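Colleague: First the structure, which I've put down as structure tokens, then a few questions once you've had a look.
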Amino acid sequence: MRKLHRKVAAFLPFWLLFEQAASYLYDNRYAGDKVIRAVPDNEAAAKTLKNLTQQFKVDLWQPGSVSYISKGAFVDVRVSRNTSQILLPYLQQANIQYTVLISDLQKAVEKQSGLKSSRNRRSLPGYSYEIYHSLEEIQSWMYHLNKSHSDLVHMFSIGKSYEGRPLFVLKLGRRSQVYKKAVWMDCGIHAREWIGPAFCQWFVKEALQTYQTDPAMRRMLNQLYFYIMPILNVDGYHFSWTHDRFWRKTRSKNSRFRCYGVDANRNWKVKWCDEGASIHPCDDTYCGPFPESEPEVKAVAHFLRKHRKQIKAYLSFHAYAQMLLYPYSYKYATIPNFSCVESAAFNAVNALQSVYGIRYRYGPASSTLYVSSGSSMDWAYKNGIPYAFAFELRDTGHFGFLLPENLIKPTCTETMLAVKNITMHLLKKCH
Ligand SMILES: [Zn+2]
């Protein structure tokens, strides 16, 4: 059938159009795939689930690594139609409870992908912040802001990705001769977490739109700089639009294995490649051949090192879990400035909840989520940035990575409040 389409496409422009559109739908590769949530209620069930997950090479959505599968905690996995036909009876036999979160992933991908929204909403001016944007669209949006808001926005590149794409950062804030502290924000370390880049753009939009009218925003932009990197893992993000919607890692090649990419949030030089990271290049939590092996990680680490005295807060945006996490990630221990960080987190999640009632859990990443080594948040903290946070945005698994576009606005609105709260905290002295 596909071959026939291709032949026809050579003669009929209509079919050419169809083919072009089809490339956005990932060649129908998720047809019949499911997302399943399993809950092992005892040790034996957890062990069985671990083995099955590895044996069937399923795509683990939650938790981040097979090693975290434990009794009582839910496990979200994406399975192909064929695998699910074998796996589900296995689960039943082993008495492991499961529910189907998404019954046809292809349909869910098409619904969420924004293809139904008209393309012209994506072009400038009239840029929509309530749809997901491709890398090219986000980059031209940055160019546009750099030109149209040169008083508050300055765009620059901190290096090049593995595939040679520029790594753009926006510096936001009123230019000043006097020294100003700064906040770093990055989104899209993990490619498939599309709500992240949508939030980074939302933040910039809100800042520019409310600078004149909101005294808190005015104070923030007058007294601080914000370094905002809307997409850290540019190659991976691009790949998640063109080839695999559920790609997580970078796109670097491995000399010995056929698998591509490194987990850009396990590649930092802080207890590198220890617990919660994998040495296997085919795993989603692969730590890379050495710390900062990924040009994207190296470029950000270099920038943060260079500005470590100026940058007082490091904020990284992920999905999904609805959590606000702070160090440490790599060990169970209390950070020296715990009380200041904890109260900032407490206030931030309360502010977030006040908007739509969405509750976020908060706490040290190790005990709230799981132990993971080589993360950017721990690295930033260890390198002298006193407030380091990682947000795990909406939701808690109903849509997972396929958060619908109509939830971009509520998610970003509430997150905005949390971020403003943390930022205002910086401007006060914490005792
Ligand atoms: Zn992530």
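Colleague: Restricting to the stretch 307-326, what's the tally of residues that are more than 16 Å from the ligand (Cβ to nearest atom), touching a strand residue (DSSP E or B) at 6+ places or on another chain (Cβ under 6 Å) and not in a strand (DSSP E or B)?
Modeller: Just the residues of the stretch 307-326 that are more than 16 Å from the ligand (Cβ to nearest atom), to begin with: 307-313.
With the extra rule that they be touching a strand residue (DSSP E or B) at 6+ places or on another chain (Cβ under 6 Å), the set shrinks to 310-313.
Next cut, not in a strand (DSSP E or B) only: 310.
Of the residues in that region, 1 qualify.
Colleague: Given the conditions (1) without any contact (Cβ under 8 Å) to a residue 40 or more places away in the chain; (2) surrounded by 20 or more Cβ atoms within 10 Å (Cβ to Cβ); (3) in contact with a strand residue (DSSP E or B) (Cβ under 7 Å, 6 or more places away or on another chain), which single one is not true for ILE231?
Modeller: For ILE231, the failing item is (1).
Colleague: Does the stretch 47-57 hold any residues that are of a type outside the set (D, E, K, R), farther than 23 Å from HIS318 by Cβ and either within 16 Å of the ligand (Cβ to nearest atom) or assigned to a helix (DSSP H, G or I) (or both), and which are they?
Modeller: Result: THR48, LEU49, ASN51, LEU52, GLN54, GLN55.
Colleague: So which helices (runs of 4 or more DSSP H) stay within the stretch 159-274 end to end and still have 1 or more residues that are of a type in the set (A, V, I, L, M, F, W, C) and either within 16 Å of ALA299 (Cα to Cα) or outside the structural domain of TYR328 (by TED's automatic domain parsing) (or both)? First the steps, then the outcome.
Modeller: Details: elements: 195-210, 215-223, 234-242.
In the stretch 159-274, the matching helices (runs of 4 or more DSSP H) lie at 234-242.
Colleague: Identify the residue in the stretch 217-230 that is of a type outside the set (Lys, Arg) and more than 27 Å from the chain's Cα centre (by Cα) and, among all such residues, is nearest to ALA313 (Cα to Cα). First the steps, then the outcome.
Modeller: Of the residues in the stretch 217-230, the ones of a type outside the set (Lys, Arg) are 217, 220-230.
Next, only the ones that are more than 27 Å from the chain's Cα centre (by Cα) stay: 222-223.
Working: ASN222: 16, GLN223: 14 Å.
In this case the residue turns out to be GLN223.
Colleague: How many residues does the stretch 41-72 hold that are under 22 Å from the mean Cα position of the chain (by Cα) and modelled with pLDDT under 90?
Modeller: Residues of the stretch 41-72 that are under 22 Å from the mean Cα position of the chain (by Cα), as a first pass: 58-69.
Keeping just the survivors that are modelled with pLDDT under 90 gives 64-68.
Within the stretch 41-72, residues that are under 22 Å from the mean Cα position of the chain (by Cα) and modelled with pLDDT under 90 number 5.
Colleague: Please determine, by comparing only the residues of the stretch 393-410 that are in contact with a helix residue (DSSP H, G or I) (Cβ under 6 Å, 6 or more places away or on another chain) and crowded, with 17+ Cβ neighbours inside 10 Å, which one is nearest to THR210 (Cα to Cα).
Modeller: Taking the stretch 393-410 first, the residues in contact with a helix residue (DSSP H, G or I) (Cβ under 6 Å, 6 or more places away or on another chain) are 393-394, 402-404, 408, 410.
Checking the rest, the ones that are also crowded, with 17+ Cβ neighbours inside 10 Å come to 393-394, 402-403, 408.
Working: LEU393: 23, ARG394: 24, LEU402: 29, LEU403: 26, ILE408: 19 Å.
Out of the qualifying residues, it is ILE408.
Colleague: How many residues does the stretch 191-212 contain that are more than 16 Å from the ligand (Cβ to nearest atom) and over 22 Å from LYS171 (Cβ atoms)? Before you say what the answer is, go through the steps one by one.
Modeller: Going residue by residue through the stretch 191-212, those that are more than 16 Å from the ligand (Cβ to nearest atom) are 201-212.
Pick out the ones that are also over 22 Å from LYS171 (Cβ atoms) and you get none.
Qualifying residue count for the region: 0.
Colleague: Moving on to the next point. Being touching a residue at least 60 places away in the same chain (Cβ under 8 Å) and in a helix (DSSP H, G or I) is the filter; apply it to the stretch 328-344 and report the residue that is surrounded by the most Cβ atoms within 10 Å (Cβ to Cβ).
Modeller: ALA344
Colleague: Looking only at residues that are without any contact (Cβ under 8 Å) to a residue 40 or more places away in the chain and either under 14 Å from THR413 (Cβ atoms) or among the aromatic types (Phe, Trp, Tyr) (or both) in the stretch 195-228, which one is surrounded by the most Cβ atoms within 10 Å (Cβ to Cβ)?
Modeller: Here is the first cut: in the stretch 195-228, the residues without any contact (Cβ under 8 Å) to a residue 40 or more places away in the chain are 209-210, 212-215, 218.
Applying the additional criterion that residues be either under 14 Å from THR413 (Cβ atoms) or among the aromatic types (Phe, Trp, Tyr) (or both) yields 209-210, 214.
Details: GLN209: 11, THR210: 17, ASP214: 15.
Across the stretch 195-228, the extreme among qualifying residues is THR210.
Colleague: Starting from the stretch 253-278, keep only residues that are over 22 Å from VAL371 (Cα atoms), then list their pairs with residues that are within 16 Å of the ligand (Cβ to nearest atom) and among the aliphatic types (A, V, I, L, M) whose Cβ atoms are within a distance under 9 Å, requiring at least 6 positions of separation or different chains.
Modeller: The qualifying pairs are ASN254/VAL262.
Colleague: Those residues that are within 16 Å of the ligand (Cβ to nearest atom) and aromatic (Phe, Trp, Tyr), I need them from the stretch 247-273; list them, please.
Modeller: Result: TRP247, TRP268.
Colleague: Given the conditions (1) under 19 Å from the mean Cα position of the chain (by Cα); (2) under 24 Å from PHE203 (Cα atoms); (3) among the small types (Gly, Ala, Ser), and given that SER329 satisfies all but one, which numbered condition is not satisfied?
Modeller: The failed condition is (2).
Colleague: Within the stretch 58-96, which residues are assigned to a loop (DSSP other than H, G, I, E, B), away from the ligand (no atom under 16 Å from the Cβ) and crowded, with 19+ Cβ neighbours inside 10 Å? It would help to see each step written out before you state the result.
Modeller: Step one: of the stretch 58-96, the residues assigned to a loop (DSSP other than H, G, I, E, B) are 58, 63-65, 69-74, 80, 94-96.
Narrowing further to those that are away from the ligand (no atom under 16 Å from the Cβ): 58, 69-74, 80, 94-96.
Of everything in the stretch 58-96, those that are assigned to a loop (DSSP other than H, G, I, E, B), away from the ligand (no atom under 16 Å from the Cβ) and crowded, with 19+ Cβ neighbours inside 10 Å turn out to be VAL58, ILE69, SER80, ILE96.
The values are calculated or read from the model by the stated rules, or taken from the named source; none is laboratory data. Since the structure is predicted, the reported quantities are computational estimates derived from the model, not experimental observations. Positions of Cβ are generated from backbone atoms using ideal geometry, with glycine treated the same way; all protein chains shown enter the neighbour counts.
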